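K.L.:
Before I ask anything, here is the structure I am working with.
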Amino acid sequence: MQRISPRDPVRILTLGTGQMGAGIIRAVLETPGLELVGSFARRRERAGLDLGQALALGRHLDLTIGSDLAQLVAGARPQVAIQATCSRLTDALPELEPLLEAGVSVVSIAEEMAWPAASSPELAARLDRLARAGGAALLGTGVNPGFVLDLLPVALSGVCTRVERISATRVNDLSAYGPTVLASQGVGLTPDAFRRGVDAGTVAGHFGFPQSIGMIASALGWEVEQIEERREPIVSSVERETLFIRISPGQVAGCHHTAVAQVAGREAIRLDHPQQIRPELEGVATGDTIEIRGAPGVRLSGSPEIAGAAATIALAVNAVPRVLEAAPGLHSMLDLPVPAALPGAAHAAVLDPTGTRGRDE
Ligand SMILES: NC(=O)c1ccc[n+]([C@@H]2O[C@H](COP(=O)([O-])OP(=O)(O)OC[C@H]3O[C@@H](n4cnc5c(N)ncnc54)[C@H](OP(=O)(O)O)[C@@H]3O)[C@@H](O)[C@H]2O)c1
């Protein structure tokens, strides 16, 4: 099994040069103890481009983007890959398989990787087998799913002796997101077109409720009987504009997506996630709130919301020491030590309650 050496930087391969991938690359380059040894892009036209130029980093990096994953793995010999190419498990799989087979541990921000069994227990088991066989660890993370609406509620339940119901709300601003996300949230549509989009599956809202509910239920030992999801348009009454879109009054500014899970015939988990562009223009305050009905009752609330893109980039990078120190196999944010920020260096993030480990190395 791979471990962090106090002397050598951790060799990182990134997958994806989109919004998150580019941010992850910047963060890897800035983190002491991590070394970027390769960058994979799905777009073949990106192959051969200098990474620094392609991402407008303002400097030449002496590292070109590759589009042949097997070749990159063989040439760069990464210890950890960070995947930022997709949302779905079936889409992530063709990249995960060769990485795990080659013994490369993986942090993925694909939403369905946060709790893969929610999409397919068979694929989750297959990934676990592949990772164990390759001697690699695999983790799905991100702000949500992966942190705000699942890990945080589970962590807070640790102070309760009885939990009857967990509810969590994340009100966030979509203004920084690009066209793909805006389209999947129905931004710019008429309310009628939004509803048709929901029926047709083109307006998806938030990706990740079954994963978050799966994590919470698994941690609390709850058997979920049913999950009901609702997607409602957030209709703007004012003009709103971002870098990517301008909408008029009467058009959809975002999607109010909720999921309710039933356990033992009653509502046990409610996740509420209204997302819209420029919420401040109608006086909407963003924020994250978690409430537990139980003994003791718990309520934790913060405003504005934890910044989604920045937090996802940070979690992906901060999880590197955790996967490197983990046993081979499929993991979730529930079973690995919580990632901590790496302001010092990746090496310093190795947990050592005795304070003595590594002294003789
Ligand atoms: N778990 C979480 O909390 C969380 C949080 C944020 C995002 N995510 C997910 O992580 C994934 C990556 O997010 P992102 O914001 O980086 O998405 P993105 O910018 O759309 O990039 C994702 C993929 O799309 C490709 N792409 C980007 N721009 C393109 C263009 N103009 N034409 C063709 N292809 C293009 C990229 O290709 P290359 O590979 O060639 O660069 C990349 O592999 C998404 O699926 C997102 O939903 C999860």
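K.L.:
Please tell me if residue 209 is closer than 16 Å to residue 274 by Cα and either of a type in the set (D, E, K, R) or within 16 Å of the ligand (Cβ to nearest atom) (or both).
P.N.:
Values: closer than 16 Å to residue 274 by Cα: yes; either of a type in the set (D, E, K, R) or within 16 Å of the ligand (Cβ to nearest atom) (or both): yes.
Here the answer is yes, as residue 209 does meet what is asked.
K.L.:
Any idea how many residues of the range 287-318 are more than 16 Å from the ligand (Cβ to nearest atom) and under 30 Å from residue 21 (Cβ atoms)? Walk me through how you get there before you give the answer.
P.N.:
Of all residues in the range 287-318, those more than 16 Å from the ligand (Cβ to nearest atom) come to 287, 289-304.
Restricting the remaining residues to those that are under 30 Å from residue 21 (Cβ atoms) gives 287, 290, 302-304.
Result for the range 287-318: 5.
K.L.:
Here is a follow-up. Consider residue 51 carefully, then state whether it is closer than 25 Å to residue 113 by Cα and within 13 Å of the ligand (Cβ to nearest atom).
P.N.:
Numbers: closer than 25 Å to residue 113 by Cα: no; within 13 Å of the ligand (Cβ to nearest atom): yes.
Judged against the criteria, residue 51 is not a match.
K.L.:
For residues that are away from the ligand (no atom under 11 Å from the Cβ) and in contact with a Lys or Arg (Cβ under 6 Å, 6 or more places away or on another chain), scanning just the range 70-123, find the one that is farthest from residue 5 (Cα to Cα).
P.N.:
For the range 70-123, the residue satisfying everything is 78.
K.L.:
Output the number of residues of the range 1-47 satisfying the condition of being more than 15 Å from the ligand (Cβ to nearest atom) and basic (Lys, Arg).
P.N.:
Selection size over the range 1-47: 3.
K.L.:
Looking at residue 295 and the list (1) in contact with a His (Cβ under 8 Å, 6 or more places away or on another chain); (2) more than 24 Å from residue 227 (Cα to Cα), which single condition is not satisfied?
P.N.:
Against the list (1) in contact with a His (Cβ under 8 Å, 6 or more places away or on another chain); (2) more than 24 Å from residue 227 (Cα to Cα), residue 295 comes up short only on (1).
K.L.:
Please specify each residue of the range 158-208 satisfying the condition of being assigned to a loop (DSSP other than H, G, I, E, B), in contact (Cβ under 8 Å) with a residue 60 or more places away in the chain, within 25 Å of the chain's Cα centre (by Cα) and over 29 Å from residue 268 (Cβ atoms). Spell out how you get there, then give the answer.
P.N.:
Quick first cut of the range 158-208, residues assigned to a loop (DSSP other than H, G, I, E, B) only: 158-161, 174-178, 185-190, 201-208.
Within this subset, residues satisfying the condition of being in contact (Cβ under 8 Å) with a residue 60 or more places away in the chain are 159-161, 174-178, 185-190, 205-208.
Next, from what is left, pick out any that are within 25 Å of the chain's Cα centre (by Cα): 174-178, 185-187, 205-208.
Within the range 158-208, 175, 176, 177, 178, 187 qualify.
K.L.:
Quick check: is even one residue across the range 257-271 out of contact with any helix residue (DSSP H, G or I) (no Cβ under 6 Å at 6 or more places or on another chain), closer than 30 Å to residue 193 by Cβ and either charged (D, E, K, R) or at pLDDT below 95 (or both)?
P.N.:
yes
The values are calculated or read from the model by the stated rules, or taken from the named source; none is laboratory data. Computed from a predicted structure; not experimentally measured. In this analysis, Cβ positions are derived from the backbone assuming ideal geometry, glycine residues included, and neighbour counts consider all displayed protein chains.
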